[in-house]
Structure formats: structure tokens, C-alpha cells
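Colleague: I have a structure here, written as C-alpha cells, and I will follow up with some questions on it.
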Amino acid sequence: MRFDELGLSPNLLKGIDKLGFEKPTTIQEKIIPLIFNTANDITGLAQTGTGKTAAFGLPIIEQTDINQKAVQALILSPTRELCIQISKDMQSYAQYVPGLIVLPVYGGASIEEQIRILKKGVHIIVATPGRMLDLIKRKAASIKHIQTLVLDEADEMLNMGFRDELDAILETTPSFKRTLLFSATMPKEVERIAKKYMREPVNITVGRQNSGAENVKHIYYQVHAPDRYLALKRIADMQPDIYSLVFCRTRRETKEIADKLIKDGYNADALHGDLSQSQRDHVMKRFREKSLQMLVATDVAARGIDVQDISHVINYNLPDDPDVYTHRSGRTGRADKSGISIAIVNFREKSKISKIEKILGKSFKKQAIPSGEEICRKQLFRMIDRMEKAEVDEEQIAPFMETVNNKLEWLSKEQIIKHFVSLEFNRFLDYYKNAPDLNKVTEPAKEGNRKKNTKQGRTKHFQADQGQYLRFFMSLGKNDGILPKNIIGMINESTRDRDINIGDIDIKDTHSFFEAGEAYTDKILNGFNKRFKGRRIKVSLADSTSNKRKKRSKKPLNSRV
Ligand code: ADP
Ligand code: MG
């Protein structure tokens, strides 16, 4: 099928042509006519990189009445990066459609400025749920007359805890509008939204449900948890031209890994929620320009970001939720290119691999971490290759050659080669001299760091890769009737991981303290149940001195509840 068979007007066709899109992708082919020819609500289930933005964006632009200065379509998406990306995409489709105004609105940017532009009149808003609700409450934006509502990356919006905002926004939309919901996966929560707010939606599924991109190869390396970083470096060193996204579980880890990589001389940087908007834009710009080879990111920060030609997606840690892996690996292998998705796992995480394989319907290949010698060989050949291919400008170099020749006269050809190679290459030789084999992974010792939690009747290992215990403060205590098991339940719920290390739980009259593995800090701070028996709960890190004291103590605090 061709774009001109879809019922798009010449101006849009011209824009599409300018972008170099030759023919519609499968989801575009299915959804665009459905929007033009029916009034149905639609759910679109497709993996990342299948062209969903144009599938909804083109018909929305087509159906916009430019002469009517009112918001006619609202597109909700989970992150500010995505908002910007979607509105830029829409603007480029509409480059030959004069007068169309698309406005991205998101938190972290000046709301006054957004309000000012809204007052002048916009046709299409692309928003994060939080900021949209803010604007509605301030009566700065009216969505009472929208024709179309798009929920893009619906699963992620819900994962990010936008449930209440979505409900509130959806309540204020008119009943005559059409709703389009896009998601890479269809968990229960998304189904709930679809059931509650959509009218007998037509479902369009492209490719296998929940499957990863077709042309992505999946590889895992198994190492001891403390060797993760060394393994990452070897993977990067084995691929001198790597252009990759490295996913970590927490902001803290993201920063730490990026810092280490930078210190070790890699073109790397971090992308996470603690950065300001302009810092994030700056990092993304450098990554897109390929001045960064490795972008270390959290899932939230990198969600949906469309960067061409990523060669490797690296899971520094596997996510708890297999669907998250699908999203991560979907960052590579886009637009028919091939890509590699790598997981670095420890012994314990092997079972996560099997879970992911089931969802992907594809198997992982286990690979050995390259040895120091293999890496040196690879790097050496690359250097020799570059030397061979270097362009020699005879004319420019001629005046210097005599001096150079004289200076090197005392060396034989063989020696010259050795010197030249050593100059560039000693760094690798030194680093990988006596490098250990990282592949010798054995089952963790049965004795040793064992944790017994008698009250709960469970026994489990202290997981060193979760970091030290951190002490958290919680605003409820004995007087509120809270029990250790409630706290454990809330911790498990917020982290969605039953393997989390939980240390001391100390319940006072009006408040409590608990300890949990450092790796889960963000999840606990952001995901903690907000209420207990109707009372609001506040959770924060306990004061830093008590945490420092804990950090210094060597043995893990495995005391029981
Ligand atoms: P999704 O939202 O499904 O993850 P996007 O809409 O971000 O995917 O599109 C992924 C990439 O494919 C983008 O770079 C986009 O420009 C490109 N693309 C979209 N439609 C086409 C098409 N018909 N032909 C070629 N490239 C396309
Ligand atoms: Mg998208």
C-alpha cells in the first residue's frame, strides 16, 4: 500500500515525502483508514518502533480545522521527552500545512509560558498527565471540545503512577470524542482504562503481542554481581564502535555507572530524572549527534525515545518486569535495522531470562565475557585497520617527511610498527594484563550471609548486589496500629520484589524506621503505598548521619523483625 491510497491530502503527502517515508508501516496501514472511515475507538497494540506516532498523528492533522482556534486533539504521553518528540514529529508531518499549532506541555517547564501560548489558541496539545491536569484545574486549557484523545504509551503512563491524573482528565473530556489508546503491552490496568473510558474499541494488534522487535538478537552474559561493571567495560571494549543505551534500575546506579565510565575514558553520560530539563536536552542532543557512545539511563528517562541506529541495548541489571525488557530492547533494531540486546545477569537472575524468553517468544544466547586477550586483539586490528585506511595527503606531508625519516632512521620497519602500536595500545595491554576470567560463575555459597526471618517464616539470602541497607523513616507508628508485617507488605508492594533485603524494622509510637537494600531507594521513595487505614503515609530517607553510620558498619544488618 502507498501513502497516497490512504486518503491523506496533498500537503500532508508532501510532508511525508520530505521525511523520506516510502510506504506506510503495517500499523499505519491499518489505523489510518479506520480513523477516516469509521467513528470507532481504537486500541493499537504494537511494539516500539512500528510507527505509531504517524498512525495517529497524520489523521489527527487531517481532521483538524485550522480556522477553528480551539483544542481539537489531546495527546497524552508519559514523559516530557516523548511530548517533545511527538509534537516535533507532528510538526514535521505538517510542514506544508500552514497555520497548524501543536503545543507540547509538560512539567519542569514554565507553566506561565505554556498558559500564554494556550491563550493565543492551539489546535493540538501533547501533554504529560500531571501538567495537563494542572492546566485544566487552572482553567488555562479547555478540552471540552476535543474530537480526538490519544493515550500514547498507556502502559507506561500507568506504570508511572498517573492513574489518578488519567481518571481526572478523562472525566472532563466530551463524550462525543474518539479515543485512541496505544500501548506496547496490555496489562490489567490498561484494560481497565480501555473498559471504563472507551466504547467497544476495535483492537489492532501488529506483530505478536508483547513480542520484541523481530530483528533484535538477545544475548546474556553471566557474571558474579560485583563483576557487573567490569563485564560492561569488556563488552564495550569488544565493540569499539558501540552506540548504546545502558539501562540501570535506579537513578543512583545510573549516575554511578556513568561516572565510572567517564572516569575510565569512555564517551558516556547519564540520563535520569534528577537532571534539569536543559541538562536532559543537552545529554540527548549529544547522544543523537553521536558524540556520546554510551548513554546510561533509567527506564523512565529513556522511555519511547527514538534514536536511530542504536547498536546495543545493554541491561546493566534486568528489570523486575519482563515487559520492561521488551521496551528496553525495542530501542534497538528500529526501522528494519538489526540490533543487539544484552543482559548482564548474576546467578540468581537466570530465572528472569526464562521469563523474558516466554514473553518474547525468542531465546537468548549465552555468551562468554570476552577475555583480555580477545579484546586486545580486536582493538589492535581496529587500529591497524584505521591506519591502513588513513588518507595520506602527499602534498601537505611532503615538507615534513625528510625530518621524520631522519629521526626514525635508527629503527627498522618492524621496530617502527611496534613503537607505533605501543603508543596507542599500551593502555589496553596494561589494563588487560592478567585480566581474570569473569565467566567462572558458581552457585552462591549455601552458608554465610543467610537471613532468617522467623516471624514471617521465610529464609533467604542477603543479596549483596542490592547494596548496603539504607534506613528509611515512615510517618506512622504503634499509635496508628501498624505492624511489622504491614511494613514488609508495603515494601514488597512498592518494590514489586519479594527478594528485597529488609533489615531492622523499628516501630515507635508515632513513627517507624525500616531498613532496605539501597538499590530500591527510588522505588520505595516513589512507590510507597500512600495510605494505611485511611491515614496518609510519608516515607523519606532517615537522617543522613544514621545512614552513614550504617554504611560504615561492615556486616550486613540481618537482624530480624
Ligand atoms: P513507535 O511510536 O511505534 O515506537 P515511532 O512513531 O516513534 O514508533 O516511529 C519509529 C521510527 O520510524 C521513527 O523514526 C519514524 O520517523 C519512523 N517511521 C515512522 N513511519 C515510517 C514510515 N512509514 N516509513 C519509514 N519510517 C517511518
Ligand atoms: Mg511512540
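Colleague: If the only charges are +1 at each Lys and Arg Cβ and -1 at each Asp and Glu Cβ, what is the size of the charge dipole of region 266-397 around the Cα centre, to the nearest 20 debye? Walk me through the numbers on the way to the answer.
Modeller: Numbers: 23 positive and 21 negative charges, 161 e Å.
Dipole about the Cα centre, nearest 20: 780 debye.
Colleague: Protein chains only, probe 1.4 Å: how do Tyr266, Tyr431, Tyr243 rank by accessible area, largest first?
Modeller: Solvent-accessible surface, decreasing: Tyr431, Tyr266, Tyr243.
Colleague: What whole-number value in Å² describes the accessible area per residue of the chain for a 1.4 Å probe?
Modeller: Accessible area per residue, the chain: 50 Å².
Colleague: Where does each of Ser371, Ser77, Ser351 land when they are ordered by accessible area, with a 1.4 Å probe and the largest first?
Modeller: These residues rank, largest area first, as Ser351, Ser371, Ser77.
Colleague: Mind running the shape call on the chain? Use the C-alpha gyration tensor, a ≥ b ≥ c as the square roots of the eigenvalues: rounded below 1.5 for a/c, prolate if a/b tops b/c, oblate otherwise. Don't skip to the end; give the middle numbers.
Modeller: Details: a/c = 1.99, a/b = 1.11, b/c = 1.80.
It comes out oblate by the Cα gyration axes.
Colleague: Then there is this: How large, in percent, is the carbon and sulfur part of the accessible surface of the chain at a probe radius of 1.4 Å?
Modeller: Ligands and nucleic acids excluded, carbon and sulfur give 51 percent.
Colleague: Taking Lys195 as the anchor, which aspartates and glutamates have their alpha carbon closer than 19 Å to its alpha carbon, excluding any fewer than eight residues away along the same chain?
Modeller: Here the aspartates and glutamates satisfying the reach criterion relative to Lys195 are Asp41, Asp152, Glu153, Asp155, Glu156, Asp164, Glu165, Asp167, Glu171.
Colleague: Let me check I've understood the local charge: for Phe425, count other residues with C-beta under 14 angstrom from its C-beta, Lys and Arg +1, Asp and Glu -1. What total comes out?
Modeller: Numbers: positive: Arg377, Lys378, Arg382, Arg386, Lys418, Arg427, Lys433; negative: Asp237, Glu373, Asp385, Glu424, Asp430.
Net charge around Phe425: +2.
Colleague: Does region 372-438 come out rounded, prolate or oblate, given a ≥ b ≥ c as the square roots of the eigenvalues of its C-alpha gyration tensor, rounded meaning a/c under 1.5 and, failing that, prolate meaning a/b above b/c?
Modeller: Prolate shape, in that a/c is at least 1.5 and a/b is the bigger ratio.
Colleague: Distances over 13 Å make up what percent of all Cα-Cα pairs in region 296-335?
Modeller: The proportion of pairs with Cα distances above 13 Å equals 48 percent.
Colleague: Here's another thing I want to ask about it. For each pair in Lys255/Lys523; Lys478/Lys523; Lys188/Lys285, compute the distance between the two Cα atoms and list the pairs where it is over 28 Å.
Modeller: On the way: Lys255/Lys523 16 Å; Lys478/Lys523 24 Å; Lys188/Lys285 36 Å.
The answer is Lys188/Lys285.
Colleague: Still on this model: Among Thr38, Ile507, Ser341, which residue has its Cα furthest toward the positive end of the charge dipole of the chain, with +1 on Lys/Arg Cβ and -1 on Asp/Glu Cβ?
Modeller: Ile507
Colleague: Once you wrap a convex hull around the alpha carbon atoms of region 251-346, what is its projected area averaged over all directions, in nm²?
Modeller: Average projection, Cα convex hull of region 251-346: 6.4 nm².
Colleague: If the only charges are +1 at each Lys and Arg Cβ and -1 at each Asp and Glu Cβ, what is the size of the charge dipole of the chain around the Cα centre, to the nearest 20 debye?
Modeller: Approximately 2860 debye in magnitude.
Colleague: Per residue of the chain, what 222 nm ellipticity follows from adding -39500 (n - 2.57) for every DSSP H run with n ≥ 4, rounded to the nearest 500?
Modeller: -12500 deg cm²/dmol
Colleague: Enter the accessible area of Ile204 (Å², nearest 10), with the probe set to 1.4 Å and all protein chains included.
Modeller: Only protein atoms counted, so the area is about 20 Å².
Colleague: May I pose another question? Per q in 0.13, 0.19, 0.28, 0.29 Å⁻¹, report the Debye log10 I(q)/I(0) for region 351-399, using one uniform scatterer on each alpha carbon and no solvent.
Modeller: Log10 of I(q)/I(0), two decimals: -0.62, -0.77, -0.99, -1.02.
Colleague: When the Cα centres of region 264-329 and region 521-541 are compared, how far apart do they sit, in Å?
Modeller: 28 Å
Colleague: With every protein chain in place, what's the accessible area of Met186 (1.4 Å probe, Å², nearest 10)?
Modeller: About 40 Å², rounded to the nearest 10.
Colleague: Ordering Asp167, Asp274 from largest to smallest accessible area (1.4 angstrom probe), what's the sequence?
Modeller: Asp274, Asp167
Colleague: Per-residue accessible area for Asp264 at 1.4 Å probe radius, Å² rounded to 10?
Modeller: 60 Å²
Colleague: Still on this structure, please answer the following. So for region 1-98, averaging the separation of alpha carbon pairs under 8 Å that are six or more residues apart and normalising by length, what relative contact order in percent results?
Modeller: On the way: 77 pairs, mean separation 38.0, N = 98.
Normalised by residue count, the contact order of region 1-98 is 39 percent.
Colleague: Also: Over all directions, average the projected area of the Cα convex hull of region 187-296 and note it in nm².
Modeller: Numbers: hull surface 42.0 nm².
Across all orientations, region 187-296 yields a mean hull projection of 10.5 nm².
Colleague: Could you work out the relative contact order of region 219-312? I mean the mean sequence separation of Cα pairs under 8 Å and 6+ apart, divided by the number of residues, in percent.
Modeller: Taking the mean separation of contacting Cα pairs over the length of region 219-312, I get 36 percent.
Colleague: Looking at the chain, what % of its DSSP beta bridges pair antiparallel, to the nearest 5? Please report the intermediate quantities before stating the final value.
Modeller: Working: 19 of 69 bridges.
Roughly 30 percent of the DSSP beta bridges within the chain come out antiparallel.
The values are calculated or read from the model by the stated rules, or taken from the named source; none is laboratory data. This structure is a prediction, so every number in the text was calculated from the model and none was measured. Backbone-built Cβ (ideal geometry, glycine too); neighbour counts: all protein chains shown. Please note that ligands, DNA and RNA were not included when accessible areas were found on the heavy atoms of the full protein model with its side chains. Shrake-Rupley method; radii C 1.70, N 1.55, O 1.52, S 1.80 Å.
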